[in-house]
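Below you'll find the structure, written out as structure tokens, and then a few comments.
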Amino acid sequence: MSEHDPMNKGREYSLSNDSQSTDNSLLPVTRRSVLQGAGVIGIGGISLAAGVDSVEAHETDDHLAETPPMGWNSWNYFACDINAELIKEIADAMVESGMKDAGYEYVNIDDCWMAPTRDENGNLQPHPERFPNGIDAVADYVHEKGLKLGIYSSAGTKTCQGLPASLGHEWNDAKSFAEWGVDYLKYDNCYNQGIPGKPRYREMSKALDATDREIVYSLCCWGQYDVATWGADIGGNLWRTTGDITDNWSRIMDILDQQVGLAKYAKPGHWNDPDMLEVGNPGLSTRESRAHFSLWCVLSAPLLAGNDLRDMSEEIREILTDEEVLTVNQDWAGSQGTKRKDTGNHEVWAKPLSNGDSAVCLLNRDETTGTISINADELDLKNSSAYILRDLWEKEETSTAEKITATVPPHGAVLYRVRPGTPNEAPPTTALSFDTDKTFITEGETTTVTGTFTNYGRIAIRDVDLSIDAPEGWSVSSKTSPTHSNVPPSKSVETTWEITAPSSVEPNQYDLTLSASFVWSGNNTTSVQSEGSLTVPPEPPTGDTHLSNHQWVSATIGWGEIGLDESVGNNPLTIGGTTYEQGIGTHSRSEIRYYLAGNMSQFVADVGVDDEVGDRGSVRFRVLGDGEVLTETDVLTGGTGSVHLDVDISGVELLTLVVTTEGTDYYDHADWAAAQVLE
Ligand code: GLA
């Protein structure tokens, strides 16, 4: 699996700093324009045609990518470990798994398909061992299955893995791709020689257009050069909006944050691309995969599966092929979803659908279960006395007066299709929330848990019966009645229980299930459930303690692994020339939580971007006590030295250390040097 380590994916290759100011490509270019008569710019020995006439390059009057492209790409799981047999087996699996029937079409070969040198005529040639019979043989195989083939090159002198690429060879290479029967080109940005993006990407667009083969054109310049503002004009069918995705929840959340403001650039034929899917890859839980997929569907993102289709669980197959969820992504109106609400770790994203419905994604980025809501009038829905919430994953419907709500587990998402409806056609929408007087519980301790059941429908609910399930060894006794005869619309009822932890129990998060059954409209009965948890924390620190010596409650990191007394790049922690013996090395976005039991009075650390990244990286450090921000640094970048933090944490039970992404998310090697809690 080492191939799947992001370190091996050329993540830290050199990204040149292109400057828009040298981009003399503002003139429109022709469809099928040729080099004659075109202005030529030469930078670094490379010539690019800057067209002079009046039609755009690679127009999609051919109706390519009318809806976000769907398919598979080799990179996220296989990186360079690819060959013709694998690609064919993936094509077989795409058919056999039902993915083809669900709409997946493109089988895309990423980097590493090419031989280390061009042939004597200057043509790209396939790697002799990996693709011994050529790309055309693979294309034939894929086409026979009713699928299409995609390929990869870079708008630079080499691909990101250092193999021959297409800058200065656009016309030749486009011709080869077309002759081989290629249907899709992903065009990367490595080794770009510092030449501005637009002319490089436009040149390939013109070359593709001149081939007379319909080739979907995917611009992979990582959101640089404001590509969203011109990607469609030069004939891009999709353009990457960020750096590379990995199978890491924090990284996926980082990418999500970078989609804000881009919706206006998406339209049929032209899509923002927040990068390929990690659904089903080892670094994500099934719940995280489902949330990632829900969000990508609401974002009208291209859906290029990035897992091993030959070997996926039934759960993952069901995520990738869910017809109702895919309908949200493929909705013909092509309107990209946007963020409608953000309360920190709880977000609501919504996409208006062409029939007037709305797809609403309630996202919980938090480490604990939470109830997330938005009102119908905050969406783009017609006025109605009630709205039907169809849970697209659970295939269940409820009827709400106005509140669109769900109790969502950590790193999870609920995806609703919301439509105007009537109060009686489905059970009333309810919320079942969970509240405890203690965030943490220790061995033998008792806590009071309150379950609250709320009726958000337009009609009354009768005979509510509430119950709670705790893990074996935990004792539960109800303190108030678990039954409630009547709950009118907009009203809540409560039951409290006392829950006692076993006298000996490992530090961990322990799940509780809250259930309610009820009667509505005549004698219909329905039951609902929601999950909560109680956390048994690790022992709190006693005396002055270096946090790198202390066990955390939970930790997330956007890339790599958290370094204890070393940087995320496994070097001694060094900021501004000072090396620290102790501390914690992270990478944005990261969040580490420590249980202090209210025993400590001060948190101290020297924070900054580690010297190992030179002047790159840009982050912010934030310290929270029991959820409240206690201090936050300005944006710190590589080479600017450290900032000393000295924070009063008297009475704080839970200390949270956060590193945020500011600007790009590369090289964010962030150190909490000499991080200590003092008594
Ligand atoms: C870049 C791209 C990735 C992948 C690799 C291949 O990092 O952004 O999606 O294509 O190159 O080397």
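A straight Cα-to-Cα reach below 27 Å connects residue 479 with the lysines 438, 491, residues fewer than 8 places away in its own chain not being considered.
Evaluated with a Cβ-only charge set (Lys, Arg +1; Asp, Glu -1), the chain carries a dipole of roughly 1900 debye about its Cα centre, given to the nearest 20.
Per atom type, the range 199-251 shows carbon and sulfur on 31% of its accessible surface, probed at 1.4 Å. Applying a 4.7 Å Cβ-Cβ cutoff to the chain leaves 220, 221, 297, 361 as cysteine residues with no disulfide-compatible partner.
The distance between label points at residue 539 and residue 66 comes to 6.7 nm (points 7 Å beyond Cα on the Cα→Cβ vector).
Using θ = phi - 60° in the Karplus curve 6.51 cos²θ - 1.76 cosθ + 1.60, the 3J(HN,Hα) couplings for the range 647-658 round to 10, 6, 10, 4, x, 6, 8, 10, 9, 10, 10, 10 Hz; x is entered for Gly and Pro. Using every pair of alpha-carbon atoms in the chain, split the distances into 10 Å bins beginning at 0 and state the percent of pairs per bin, rounded to integers. Calculated over all Cα pairs of the chain, the distribution is 3, 14, 22, 23, 19, 12, 5, 1, 0 percent.
A crude spin-label estimate for the pair residue 511 and residue 679, with each label 7 Å from Cα along the Cβ direction, gives 4.0 nm. Given the pairs 206/267; 100/145; 88/145, which span a C-alpha to C-alpha distance of over 19 angstrom in this model? Too far apart for the 19 Å limit: 206/267. When the GluC sites (Glu not before Pro) in the range 535-632 are filtered for DSSP coil states and for at most 14 other beta-carbon atoms within 10 Å of their beta-carbon, the remaining sites are 561, 581.
Listed highest first by mean packing, meaning other Cβ atoms within 10 Å per residue, what order do 572-580, 368-376 come in?
368-376, 572-580
Among the listed pairs 264/339; 339/382; 351/382; 148/395; 148/198, a Cα-Cα separation exceeding 22 Å is found for 148/395; 148/198. Annotation for residue 137 and residue 601: the two label points, set 7 Å from Cα along the Cα-Cβ direction, are 7.6 nm apart.
Each stretch of four or more DSSP H residues adds -39500 (n - 2.57); spread over every residue of the chain, this sum gives -4000 deg cm²/dmol at 222 nm.
On a per residue basis, the chain carries 38 Å² of accessible surface, using protein heavy atoms and a 1.4 Å probe.
Near the amide H of residue 553, within less than 5 Å, lie the amide hydrogens of 593, 594, 595, all on another chain or at least 5 residues away, with H placed in the peptide plane. FRET efficiency for the pair residue 144 and residue 549, taken as 1/(1 + (r/R0)^6) with r the Cβ-Cβ distance and R0 = 51 Å, rounds to 0.25. Put +1 on the Cβ of each Lys and Arg and -1 on the Cβ of each Asp and Glu in the range 150-201; which of 195, 153, 168 then has its Cα farthest toward the positive end of the dipole? Looking along the dipole axis, the top candidate is 195. Maximal additional length on extending the residue 565-residue 476 stretch stands at 27.8 nm, based on 0.36 nm per residue less the C-alpha distance. Under the combined filter of DSSP loop state and at most 12 neighbouring Cβ atoms within 10 Å, the range 293-384 retains these chymotrypsin sites (Phe, Trp or Tyr not before Pro): 332. For the range 473-627, carbon and sulfur atoms together expose 40% of the accessible surface, with a 1.4 angstrom probe and every protein chain in place.
The slack between residue 385 and residue 425, meaning 0.36 nm per residue of separation minus the straight C-alpha distance, is 13.2 nm. Between the alpha-carbon centres of the range 601-679 and the range 221-294 there is a gap of 28 Å.
In order along the range 346-361, the Karplus-derived 3J(HN,Hα) couplings, from 6.51 cos²θ - 1.76 cosθ + 1.60 at θ = phi - 60°, round to 10, 10, 10, 10, 9, 10, x, 9, 5, 8, x, 6, 10, 8, 10, 10 Hz, and Gly and Pro are given as x.
The values are calculated or read from the model by the stated rules, or taken from the named source; none is laboratory data. Note that the coordinates shown come from a computational prediction; the quantities given were computed from them, not determined experimentally. Cβ: placed from backbone, ideal geometry, glycine included. Neighbour counts: every protein chain shown. Each accessible area value is taken on the protein alone, full model and side chains, heavy atoms only, with ligands, DNA and RNA left out. Shrake-Rupley method; radii C 1.70, N 1.55, O 1.52, S 1.80 Å.
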